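The values are calculated or read from the model by the stated rules, or taken from the named source; none is laboratory data. Since the structure is predicted, the reported quantities are computational estimates derived from the model, not experimental observations. When we count neighbours, we look across all protein chains shown, and the Cβ atoms used for this are built from the backbone with ideal geometry, even at glycine.
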Amino acid sequence: MLKIEHLTKAYAKSNVKAVDDLNLELKSGEIFGFLGPNGAGKTTTIKMLTGILGYDTGSISICGHDLKSESTKAKRNIGYVSDSHVIYDKLTGKEYVEFMADIYGVDVATRKERADKLLEKFELRDAYGSQIRTYSHGMKQKISIIGALIHSPDLWVLDEPMTGLDPQSAFQLKELMREHCADGKTVFFSTHVLEVAEKLCDRIGIIVKGKLITVGNLEEIKAAQGDSSLEEIFLSVAGGSGEHA
């Protein structure tokens, strides 16, 4: 589903590596949680695998398509929810979702069915015809999620997706993530909420100073680290920074 090999990205005009020789492979049907302290390289990695940022060395393959040589084919398999909600806020919610559906070639009947289901789930139907700039932070997050899922991507990528969501919406998002993987698709998300990662993820990776320090399911990571809690493991491998972002 997703294969990252020897991925490296240095900061501009610097030898400091934001991401340093990252190797990672995600399988179909799994939820993968990407953890790390602030500045560890999580968002940089996500921006590279979604094609927003270039990379210095290495390769990224999505559903068998190389992100550099087959960019369009690779990106058609991705649905992305950013942490900043940079979307076309002069569009209405409906116009934005229709725009996303047009980009990915989703037929009219399918887009309506998917949009109706998601609008109902997130209780966003009443605001669907309003401009996105009138939305609250949480509403912008919800419409971003709907736009990212309208083409039912094989790889759903989310950067800090719980931020700004009320408890009910956060619950619905977690259910959607599980449903997505039950359909044989993959979720890759970063989070600073360790409890969410612990309960939701099939596997977890922790990145520190650009390097992927540990990868595995919770039982494997706990066994390797002496059967500690995820919080204790995180603080140990992250150098005790206490920053869960």
Kindly indicate whether any position in the range 216-223 is within 20 Å of THR50 (Cβ to Cβ) and surrounded by fewer than 17 Cβ atoms within 10 Å (Cβ to Cβ). no
Please state which of the following conditions ASP66 fails to meet, knowing it meets all the rest: (1) farther than 26 Å from MET162 by Cα; (2) in contact (Cβ under 8 Å) with a residue 40 or more places away in the chain. (2)
Considering only the range 122-138, how many residues are surrounded by 18 or more Cβ atoms within 10 Å (Cβ to Cβ) and either without any contact (Cβ under 8 Å) to a residue 40 or more places away in the chain or among the basic types (Lys, Arg) (or both)? 2
Identify, by number, the condition in (1) at pLDDT below 95; (2) part of a helix (DSSP H, G or I) that GLU120 doesn't meet. (1)
Filter the range 1-41 for residues that are within 19 Å of ILE78 (Cα to Cα) and among the acidic types (Asp, Glu); which is farthest from the chain's Cα centre (by Cα)? GLU5
Go through the range 44-98 and report how many residues are out of contact with any Ser or Thr (no Cβ under 8 Å at 6 or more places or on another chain) and farther than 15 Å from PRO153 by Cβ. 22
Could you grab me the full set of residues in the range 31-79 that are among the basic types (Lys, Arg), under 17 Å from THR186 (Cα atoms) and surrounded by 22 or more Cβ atoms within 10 Å (Cβ to Cβ)? none
Just a yes or no: is a residue in the range 183-198 basic (Lys, Arg) and surrounded by fewer than 19 Cβ atoms within 10 Å (Cβ to Cβ)? no
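Please give the helices (runs of 4 or more DSSP H) falling wholly within the range 128-239 in which 1 or more residues are modelled with pLDDT of 90 or more, under 14 Å from GLY36 (Cα atoms) and within 17 Å of the chain's Cα centre (by Cα). Quick ask: steps written out before the conclusion?
On the way: elements: 137-149, 167-182, 194-200, 218-224, 230-237.
Where helices (runs of 4 or more DSSP H) fall fully within the range 128-239 and carry at least 1 residues being modelled with pLDDT of 90 or more, under 14 Å from GLY36 (Cα atoms) and within 17 Å of the chain's Cα centre (by Cα), they are 194-200.
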